[in-house]
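Values in this text are rule-based calculations from the coordinates and carry no lab data. Please read these numbers as outputs of a predicted model, since none were measured by experiment. For neighbour counting, all protein chains shown are included, and Cβ atoms are generated from backbone atoms with ideal geometry for every residue, glycine included.
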Amino acid sequence: MTPGTPTDEAALRDAMLSAARQLVALGLNRGASGNIGVRCGDDLLVTPSGLPADKLTPESMVRLDFDGQTSSPFKPSSEWRIHRDILAARPEIGAVVHTHSTFTTTLACQQLEIPPFHYMIAAAGGDTIRCAPYALFGSQALSDGALAALQERKACLLAHHGMIALGHDLDDALAVTIEVESLCEQYWRVLQIGTPKILTDAQMRAVIEQFGSYGQWASSKPSR
């Protein structure tokens, strides 16, 4: 756990509720779209299926083990496999945010990989933001594709679906979510002008190296 990370289940449930409401307030999710998962001891907590943010309570967050078993009266999000598989494969990750935000979804519906048109692409952990292939929502195939697209990354698009952002804690994952949506809006606008000018591999390597010691990047919080 990093400093400031909730260490008890009650605090994690409260943080998930606050994050779900923040995503709606920022226009990054609407209704019951999107979901959140966090590491909770040897288990994970996932937002419930089909409940909009204004109907959520801390008690409605679903605790699962890594076999997908739960004793909660609530059904977990249909995308619980994504959260389970990411947290199982990436021990450095403590939280996963999935949204259907406007610009990430727009570009995902074109199956676009976001190239390094702006240096802040590095906020997603590399020199591109990949797009995972389309798969049925809630399926293991969707989770497998997302996990591949997230290799050495903190975010990816999901074709014809939305996006996923990762963080060492929930605040970090929210920061990546917001940054990636902003980048996708900028890229969409650049595409209206013409063919984007792309930073070189060498330029992006320098950015990523600089991020290693710049501001709060050491704690994985994107900053300008």
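General remarks:
- Loop sites in the range 46-99: chymotrypsin sites (Phe, Trp or Tyr not before Pro), DSSP, at most 14 other Cβ within 10 Å: Phe66
- Contact order, relative form, for the range 94-224: 33 percent (alpha carbon pairs under 8 Å, 6 or more residues apart, mean separation divided by residue count).
- For the chain, adding -39500 (n - 2.57) for each run of n ≥ 4 DSSP H residues and dividing by the number of residues yields -11000 deg cm²/dmol at 222 nm.
- Relative contact order (%) - criterion: Cα under 8 Å, at least six apart; region: the chain: 19 percent
- For the chain, Kirkwood radius (reciprocal of mean inverse C-alpha pair distance, Å): 17.5 Å
- Helix 201-211 axis, angle to the chain major axis (alpha carbon atoms, nearest 10°): 50 degrees
- A simple count of charges around Pro76, restricted to other residues whose Cβ falls under 12 Å of its Cβ and scoring Lys, Arg +1 and Asp, Glu -1, yields +1.
- Normalised Debye scattering of the range 1-119 at q = 0.16 Å⁻¹ gives log10 I(q)/I(0) of -0.78, counting only Cα atoms as equal scatterers and leaving out solvent.
- Cα-based reach from Lys55 at 17 Å (exclusive), listing aspartates and glutamates while leaving out same-chain residues under 8 positions away: Asp14
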